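Here is the structure we will look at, set down as structure tokens.
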Amino acid sequence: MAGPGGMTGDMEGRQAAPDENIDSILTEDRRFQPPASFSSGARVRSLAEYQALRDAADRDPVAFWAGLARAELHWHKPFTTAFDDSRAPYYTWFGGGLLNVSYNCLDRHLAGNAEKTAILFEGEPGDVRHISYAELHRQVCRFANALKARGIGLGDRVVIYMPMVPEAVVAMLACARIGAIHSVVFGGFSSGSLRNRIEDASARAVVTADGGHRGGKVIELKAACDSALSEGCKSVETVFVLRRTGSPISMQPGRDLWWDEAEANLADQCEPVWVDSEHPLFLLYTSGSTGKPKGIQHSSAGYLAVVAATMKWVFDIRDSDIFWCTADIGWVTGHSYIAYGPLASGATVLIYEGAPTVPDAGRFWSNCARHRVTIFYTAPTAIRSLMKFGESFAARHDLSSLRLLGTVGEPINPEAWMWFHRVIGHERCPIVDTWWQTETGAIMIAPVPGAITTKPGSCTLPLPGIDADIVDAEGNSITDPGHGGELVIRRPWPSMLRAVWGNDKRYRDTYWGKFGGHCYIAGDTAHRDRDGYFWILGRSDDVLKVSGHRLGTMEIESALAAHPRVAEAAVVGKPDETKGETIFAFVVPRGARPTPEAAGELSSELRAWVAQQIGPIAKPEQIRYADSLPKTRSGKIMRRLLRDIARGVPITQDTSTLENEEIVKQLQGES
Ligand code: WTA
């Protein structure tokens with residue numbers, strides 16, 4: 001069978017989706033109807049109701065989104081222009097409106113739900129806190145006042161580099177309260193990655209902690225922050241430091257302030273700053289196929305409106321729910337489904353600080369049981385790694401409170417889906433496989449659980465208002481089952497990214513324009529089955545998903561090439577049963593190729609180097625050395641060839657144009 005969309009001919013530099021993927025998808029015939037008990041109490045109870053919503057949205061998308069934005073949000077001043085595409089691809093939504101995101105997440109719940117738990121926190125060591133909406137409101141106001149006291153205001157950038165503790169959310173909401181723009185950096189990134197992000201955003205302040213608990217160890221965030229700030233980062237005037245672990249750290253007088261001291265004596269009331277609908281709520285750096293990570297810029301109103309709507313459509317959120325999303329706050333999933341979505345909905349959200357295997361592989365299930373979690377949202381990679389420990393860990397805990405399960409971040413293989421369904425959901429809970437991206441802000445394609453029959457491995461159908469399609473190289477829709485192509489969204493939607501911070505060209509080139517019109521290019525390949533269900537095959541660019549973490553091959557290659565012993569490097573993804581993909585690096589050393597004994601030592605050094613440059617998640621799993629890299633005549637690295645070599649499969653590509661065919665043997669590790 002041809003590759004997706006017959007794209008095999010020009011797949012150089014692209015992630016070819018293996019044919020087995022489509023084959024296994026075409027033979028997957030299991031179907032799971034929404035349980036009647038779930039549908040009867042759901043907001044959207046049947047396929048017909050879902051279809052009616054979709055039809056209404058398709059008939060008049062702008063009116064549909066305008067109605068939704070009015071219903072979901074508290075407006076200080078109503079908007080006048082629902083949608084404006086006159087400066088496409090810089091689309092704007094809800095122009096003329098004023099609102100405040102923290103007000104929408106906090107103040108509007110105080111009248112009826114002040115004492116309801118907003119955040120239920122469990123630290124890795126086992127410490128538990130319940131924070132009510134009233135208390136969260138006070139904490140956010142106090143910290144907002146602390147930011148203001150250091151001169152932070154409307155439009156200033158604040159980098160948040162925190163463990164998974166409630167104060168990470170407090171810091172985000174405090175920024176939103178005063179119109180500052182936050183940029184959360186994943187705590188697993190190294191000082192080098194932190195520095196790049198601080199500099200790109202010209203942040204005036206950094207919010208961090210003395211450390212965090214993860215995997216039984218203390219993650220030394222303040223130390224990484226000091227190292228990031230030791231060079232460049234001239235824009236940073238203040239570093240707020242939360243006490244979490246009590247680890248010894250150094251504080252730089254004048255610049256560094258303890259969180260508690262910074263807010264001592266400050267009021268726990270702070271007037272929200274009413275901002276325009278389009279005011280940037282946050283930047284979130286993510287990897288693409290070229291260059292450094294890009295700062296994806298989101299709006300205030302459009303973002304929050306769709307995130308809140310998906311809490312209803314996809315999670316069918318109820319007042320009584322305990323919602324747990326296991327993502328890190330440093331990724332978009334944490335932004336939309338730990339912080340903004342649940343809090344805009346007035347829900348109770350569980351935040352867990354640590355690793356899934358501390359003290360044992362039952363920690364997720366024990367957390368679900370003890371906190372009576374009702375909705376559990378996680379990544380396929382977490383499911384696959386916990387599956388390996390067997391069923392007994394889940395069996396030891398009472399999972400009867402669960403009513404809905406969800407996955408995100410990468411394709412879920414049917415085997416993991418079935419395990420999740422049977423062992424965790426006890427064949428009772430619908431599973432929502434949710435496709436979306438940092439750029440989309442909110443879930444785009446997912447089953448509405450009371451309405452849509454699910455199939456293991458498919459994210460099913462687009463949400464109302466989302467005009468998702470799969471196209472060939474010319475931009476024509478592909479409807480043939482078994483033929484894949486590029487996943488696109490054919491018309492703008494309110495929670496879409498607004499810009500790449502400081503890089504207009506990259507915004508236009510990456511996402512728009514290839515197919516004309518208002519067509520957004522997702523960077524994924526997908527395929528549709530006979531029922532019109534979407535099956536995501538993987539990325540169509542050089543972005544890797546390693547344990548659900550999004551990484552660019554270019555970033556890892558430049559980190560490797562920055563090492564004194566490396567002349568050149570190429571990185572590809574290798575399929576992995578648990579992690580989805582692992583990183584396989586081909587390295588051309590400076591000077592002679594290392595002997596097999598010396599290679600081991602150099603590889604350890606390079607792995608440590610990459611961990612220090614980017615973060616441990618970017619460490620290559622395997623490194624192979626060669627005298628040169630295979631390139632086309634025009635000098636492009638032949639990635640498909642390298643992918644075949646990494647996979648250990650026969651080489652299908654014509655290698656006759658290679659300058660040195662012998663190189664292939666070296667790359668295969670044979671000489
Ligand atoms: C992948 C995460 C298959 C996809 C929210 C996308 C998925 C990238 C799914 C975005 C899914 C996300 N099925 N693949 N349900 N969800 N992806 O920006 O390749 O970290 O382009 O956002 O993850 O990753 P990001």
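Just name the residue that is surrounded by the fewest Cβ atoms within 10 Å (Cβ to Cβ) out of those in the stretch 607-645 that are among the small types (Gly, Ala, Ser) and in a helix (DSSP H, G or I).
608
Which pairs do you get when a residue that is in contact (Cβ under 8 Å) with a residue 60 or more places away in the chain, found in the stretch 649-671, comes within reach of a residue that is among the β-branched types (Val, Ile, Thr) and open to solvent by less than 60 Å² (accessible area, probe 1.4 Å), reach meaning Cβ atoms under 9 angstrom, with the pair 6+ apart or on two chains?
Between residues of the stretch 649-671 that are in contact (Cβ under 8 Å) with a residue 60 or more places away in the chain and residues that are among the β-branched types (Val, Ile, Thr) and open to solvent by less than 60 Å² (accessible area, probe 1.4 Å), the close pairs are 667/645.
Taking the stated definitions as given, is residue 558 of a type in the set (S, T, N, Q), open to solvent by 30 Å² or more (accessible area, probe 1.4 Å) and either away from the ligand (no atom under 12 Å from the Cβ) or at pLDDT 95 or above (or both)?
The answer is yes for residue 558.
Give the residues of the stretch 194-210 that are surrounded by 24 or more Cβ atoms within 10 Å (Cβ to Cβ) and either modelled with pLDDT under 95 or not hydrophobic (A, V, I, L, M, F, W, C) (or both), sorted by residue number.
The answer is 197, 208.
Of everything in the stretch 564-584 that's open to solvent by less than 20 Å² (accessible area, probe 1.4 Å) and out of contact with any Asp or Glu (no Cβ under 8 Å at 6 or more places or on another chain), which residue is nearest to residue 547 (Cα to Cα)?
Ranking the qualifying residues of the stretch 564-584, first place goes to 572.
List the strands (runs of 3 or more DSSP E) that sit entirely inside the stretch 478-552 and contain at least 1 residues that are touching a strand residue (DSSP E or B) at 6+ places or on another chain (Cβ under 6 Å) and more than 12 Å from the ligand (Cβ to nearest atom).
484-489, 520-528
Output the residue which, of all residues in the stretch 392-413 that are away from the ligand (no atom under 16 Å from the Cβ) and under 28 Å from the mean Cα position of the chain (by Cα), is farthest from residue 375 (Cα to Cα). Break it down into steps so the answer makes sense when it comes.
Pass one, the stretch 392-413, residues away from the ligand (no atom under 16 Å from the Cβ): 392-403.
Among the residues that remain, those that are also under 28 Å from the mean Cα position of the chain (by Cα) are: 393-394, 399, 401-403.
Details: 393: 19, 394: 16, 399: 11, 401: 9, 402: 6, 403: 6 Å.
Filtering the stretch 392-413 for residues that are away from the ligand (no atom under 16 Å from the Cβ) and under 28 Å from the mean Cα position of the chain (by Cα), the one farthest from residue 375 (Cα to Cα) comes out as 393.
Inspect the stretch 443-453 for any residue being open to solvent by 10 Å² or more (accessible area, probe 1.4 Å), assigned to a loop (DSSP other than H, G, I, E, B), of a type outside the set (D, E, K, R) and within 15 Å of the ligand (Cβ to nearest atom) and give the result as yes or no.
Scanning the stretch 443-453 turns up no residue that is open to solvent by 10 Å² or more (accessible area, probe 1.4 Å), assigned to a loop (DSSP other than H, G, I, E, B), of a type outside the set (D, E, K, R) and within 15 Å of the ligand (Cβ to nearest atom).
Rundown of residues vs (1) part of a strand (DSSP E or B); (2) among the charged types (D, E, K, R), yes/no style:
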| position | (1), (2) |
| --- | --- |
| 319 | no, yes |
| 335 | no, no |
| 338 | no, no |
| 377 | yes, no |
| 381 | no, no |
| 400 | no, no |
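Can you pull out every residue in the stretch 211-245 that is among the charged types (D, E, K, R) and surrounded by fewer than 16 Cβ atoms within 10 Å (Cβ to Cβ)?
217, 231, 234, 237, 243
Can you tell me which residue is surrounded by the most Cβ atoms within 10 Å (Cβ to Cβ) among those in the stretch 426-439 that are more than 8 Å from the ligand (Cβ to nearest atom) and more than 10 Å from residue 314 (Cβ to Cβ)?
Filtering the stretch 426-439 for residues that are more than 8 Å from the ligand (Cβ to nearest atom) and more than 10 Å from residue 314 (Cβ to Cβ), the one surrounded by the most Cβ atoms within 10 Å (Cβ to Cβ) comes out as 430.
Give the residues of the stretch 592-606 that are open to solvent by 70 Å² or more (accessible area, probe 1.4 Å) and touching a strand residue (DSSP E or B) at 6+ places or on another chain (Cβ under 9 Å), sorted by residue number.
593
What are the residues in the stretch 343-366 that are under 25 Å from residue 114 (Cα atoms), of a type outside the set (A, V, I, L, M) and touching a residue at least 60 places away in the same chain (Cβ under 8 Å), if any?
346, 348, 352, 353
Give me a count of the residues in the stretch 77-101 that are outside any strand (DSSP E or B) and among the basic types (Lys, Arg).
Qualifying residue count for the region: 1.
Cβ contacts < 9 Å: first residue open to solvent by 60 Å² or more (accessible area, probe 1.4 Å), restricted to the stretch 246-265; second residue of a type in the set (Lys, Arg), any location; separation 6+ or different chain. Result?
The qualifying pairs are 250/222; 260/243.
The values are calculated or read from the model by the stated rules, or taken from the named source; none is laboratory data. Because the structure is predicted, anything quoted here is derived from the model rather than measured. Cβ sites come from the backbone with ideal geometry, for glycine too, and all protein chains shown count toward neighbours. These accessible areas exclude ligands, DNA and RNA; they are computed on the full protein's heavy atoms, side chains included. Shrake-Rupley method; radii C 1.70, N 1.55, O 1.52, S 1.80 Å.
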